[in-house]
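What follows is one structure encoded as structure tokens, with my remarks underneath.
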Amino acid sequence: MRRREFTALLAGSVRSIRLIVWLVLACVSMMTGNLRAQEVGNPNQGLRIARTQCAECHLVENMVGFSPNRDAPPFEKIANIPGMSSAALSAALQTSHKRMPNVIIKGSDLSDVISYILSLNERR
């Protein structure tokens with residue numbers, strides 16, 4: 001192989017490596033951004049909102065006991081469902097359920113309640 005051919009081959013390999021490194025960094029950046037997005041919300045505010053919007057049916061405090069409505073699981077139990085995430089909670093809280101009234105929590109209040117519920121996860 002001639003020196004020019006080798007240099008051209010090497011330059012192409014360097015470009016390929018740079019592209020791969022860039023793609024990997026972009027993917028890592030998106031994943032960590034997604035993780036940070038799941039952490040958005042103020043759990044203290046979420047507890048305050050849950051006390052006014054959810055406590056009529058759910059046990060919202062982090063304590064042993066039962067929900068006022070036996071069909072409504074305690075928030076701690078919800079938080080510890082395997083695979084529970086902010087996306088899953090967001091979908092659940094914005095979808096009608098047969099046994100759950102149509103409580104509407106929007107925007108930052110929704111993020112706060114989700115953050116509070118996820119803060120009850122024992123595996124964190």
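Restricting ILE114, ILE105 to residues that are in contact with a helix residue (DSSP H, G or I) (Cβ under 8 Å, 6 or more places away or on another chain), over 17 Å from SER67 (Cα atoms) and at pLDDT 95 or above narrows the list to ILE114.
The rows are residues; the columns are (1) in contact with a helix residue (DSSP H, G or I) (Cβ under 7 Å, 6 or more places away or on another chain); (2) more than 26 Å from ARG123 (Cα to Cα); (3) modelled with pLDDT of 90 or more.
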residue: VAL24; (1), (2), (3): no, yes, no
residue: ALA37; (1), (2), (3): no, no, no
residue: GLU56; (1), (2), (3): no, yes, yes
residue: ASN62; (1), (2), (3): yes, no, no
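Selection within segment 95-124: residues that are in contact with a Gly (Cβ under 6 Å, 6 or more places away or on another chain) and among the aliphatic types (A, V, I, L, M). The member of this set that is nearest to LEU47 (Cα to Cα) is VAL113.
The values are calculated or read from the model by the stated rules, or taken from the named source; none is laboratory data. Computed from a predicted structure; not experimentally measured. Using ideal geometry, Cβ is built from the backbone for each residue, glycine included, and neighbour counts are taken over all protein chains shown.
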